[in-house]
Amino acid sequence: MKPDSIVVLRTFENAGEANLVKSKLLSYGIPCFLSDENTVTLYPLFNQALGGIRLNIFYRDKEEAVRIIDEEPDEIDPN
């Protein structure tokens, strides 16, 4: 696969979760976009037919994106 090919990294059932992951990747400098977000939000019954909201990235960023998404959040210091 070519490094500039666009691939679907993950799919989501709701726009909130999809946008959180998208924002996290963008904050790390990984270009990405969501597809079918508006359709699934406006017509929830289409979610299953469309396969959910898709998070799209460049193939070259796949390994780094998976690492970023799967990393545990830092512990919050209560002080």
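Quick notes on this structure:
- If you bin all the Cα-Cα distances of the chain at 5 Å, starting from zero, the percentages per bin are 3, 16, 24, 20, 16, 12, 6, 3, 1, 0.
- Long-range amide H partners of residue 10 with built H, under 5 Å: 55
- Phi-derived couplings, Karplus 6.51 cos²θ - 1.76 cosθ + 1.60 at θ = phi - 60°, listed residue by residue for region 22-35: 4, 4, 5, 5, 4, 5, 8, x, 9, x, 7, 8, 9, 10 Hz, with x used for Gly and Pro.
- Accessible area (Å², per residue) of the chain, counting only protein heavy atoms and a probe of 1.4 Å: 74
- Surrounding net charge for residue 59, when Lys and Arg each add one and Asp and Glu each subtract one, Cβ distance under 11 Å: 0
- Considering only alpha-carbon pairs that sit under 8 angstrom and 6 or more positions apart, the relative contact order computed for the chain is 43 percent.
- Based on DSSP H segments of at least four residues, each scored -39500 (n - 2.57), the chain has a per-residue ellipticity at 222 nm of -11000 deg cm²/dmol.
- Formal net charge of residues neighbouring residue 8 (Cβ-Cβ distance under 14 Å; K, R +1; D, E -1): +1
The values are calculated or read from the model by the stated rules, or taken from the named source; none is laboratory data. It should be emphasised that the depicted structure is a prediction, and the values quoted were computed from it without experimental measurement. Quick reminder, even Gly has a Cβ in these numbers, built from the backbone with ideal geometry, and neighbours come from all protein chains shown. Accessible surface is based on the protein model in full, side chains and every heavy atom, while ligands, DNA and RNA are left aside. Shrake-Rupley method; radii C 1.70, N 1.55, O 1.52, S 1.80 Å.
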